[in-house]
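Following: one structure in structure tokens, then a few remarks.
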Amino acid sequence: MSDIQAVKDSIKSTKLSDENAKKLAVIIDGLPDILGQLDNPEYDEIFGYRINVADKEYVDVSIRNEILLKFLAADGYDLDLAKERLINTFNWRNKFQPLSAAFDENFHVELVELGVITHFNKDVKLPNLDIATWNLYGNLKNPKKIFEKFGGKLHKDLPGSEFLRWRIGLMERALQLLDFTNPDLNRIAQVHDYKNVSILRIDPGMRAATKEIIKIFGDNYPELLSTKFFVNVPLLAGWVFTFLKALGIITEETLRKFQVLNHGDLSKSFGADNLPIEYGGKLKKDLFALEVSNVKLSEYGQVILKRIGDEEIKHVNDDVE
């Protein structure tokens, strides 16, 4: 078994007990077996990082162990469940290709204007709010039709609707800004702004799409959410939280990270110096002026994208022949 003290020393995000360090060591030592059970044993990427044995190229042991710890902690340090979650996530990523959604694919301008990634690095009031993804539903001409309009397939060879691939891509880009070894910078905040949106009821299409997205995030992005803010929610729409709870796929721990507000003032959380006036801040600029637009993909993530591109070229050539 891997040296327990070495495993503990590799984890910087939290103080790991001997018992949990032993469980993490089991996961680390079991990586060859886990990868051997995959639909594609060659696909060893999660969040842009190579999750494999230490002597493989591009493996950053500290980051690898921190990511594995998230999967282990997500199910209460149950080894069997952690292995199952890892296998399912590897298989999902191999099939969905989220890095392609984040860095290669182009989306409708309405979707592009729907999301922003911010990275605040001064006077944030709470840990793990430095990096946030913002969903600005009020920017849509007809928010109720979002899942209908963007519910079709974007790519014939890849799964997921255009909306889903856009939303996963937003998450994947934000992940590249995390420092998995820093306890104050290893999670992402989410803000869902409902300003100017009438949401008196949920139609079946919205319900199904919301449930799909929540399940994908819950299954494949464990221990990555710090706080989820629902802001500018109309007083008559207080049922939003009840609706999310009624879906039955959100854990109580995750629900405790939700904040539903009928206003947009987030200065107590993010700090007034970081925010535009519309969110209770002091900045005389809009949120898009704060967007991180030049997110750089990790080195191994770039290897994966090149591999995807090479396979696509090969398939085209095979079809021509």
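Some values worked out for this structure:
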item: GNM result for the chain, Cα springs below 10 Å: residue of Ala272, Ala189, Ala102 fluctuating most strongly; result: Ala272
item: Within the range 36-104, trypsin sites (Lys or Arg not before Pro) in DSSP loop having at most 11 other beta-carbon neighbours inside 10 Å; result: none
item: Nearest 10 degrees, 0 to 90: helix 299-320 Cα axis against the chain principal axis; result: 90
item: Cross-link pairs Lys195/Lys268; Lys23/Lys83; Lys70/Lys228; Lys245/Lys268; Lys211/Lys257 - those with Cα-Cα distance over 21 Å; result: Lys245/Lys268
item: Taking the chain and dividing mean pair separation by its residue count, relative contact order in percent (alpha carbons under 8 Å, at least six apart); result: 18
item: With all protein chains modelled, accessible area of Asp286 [1.4 Å, Å²]; result: 80
item: Cleavage-rule hits (GluC sites (Glu not before Pro)) in the range 1-54: DSSP loop, at most 10 neighbouring Cβ within 10 angstrom; result: Glu42
item: Residue-count net charge about Phe288 - beta-carbon cut-off 13 Å; Lys, Arg +1, Asp, Glu -1; result: -4
item: Charge dipole magnitude, Cβ of K and R +1, D and E -1 - the range 39-130, Cα centre, debye nearest 20; result: 240
item: Charge-dipole axis of the chain as Lys and Arg at +1 and Asp and Glu at -1 on Cβ define it, positive-most pick from Leu158, Leu185, Phe229; result: Phe229
item: Charged-residue dipole, Cβ positions (Lys, Arg, Asp, Glu), the chain about Cα centre, Debye nearest 20; result: 1500
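The values are calculated or read from the model by the stated rules, or taken from the named source; none is laboratory data. This is a predicted model, so every value here is computed, not measured. Because the Cβ atoms are built from the backbone with ideal geometry, glycine has one as well, and the counts that use them run over all protein chains shown. Heads up: the accessible areas ignore ligands, DNA and RNA and are worked out on the full protein's heavy atoms, side chains in. Shrake-Rupley method; radii C 1.70, N 1.55, O 1.52, S 1.80 Å.
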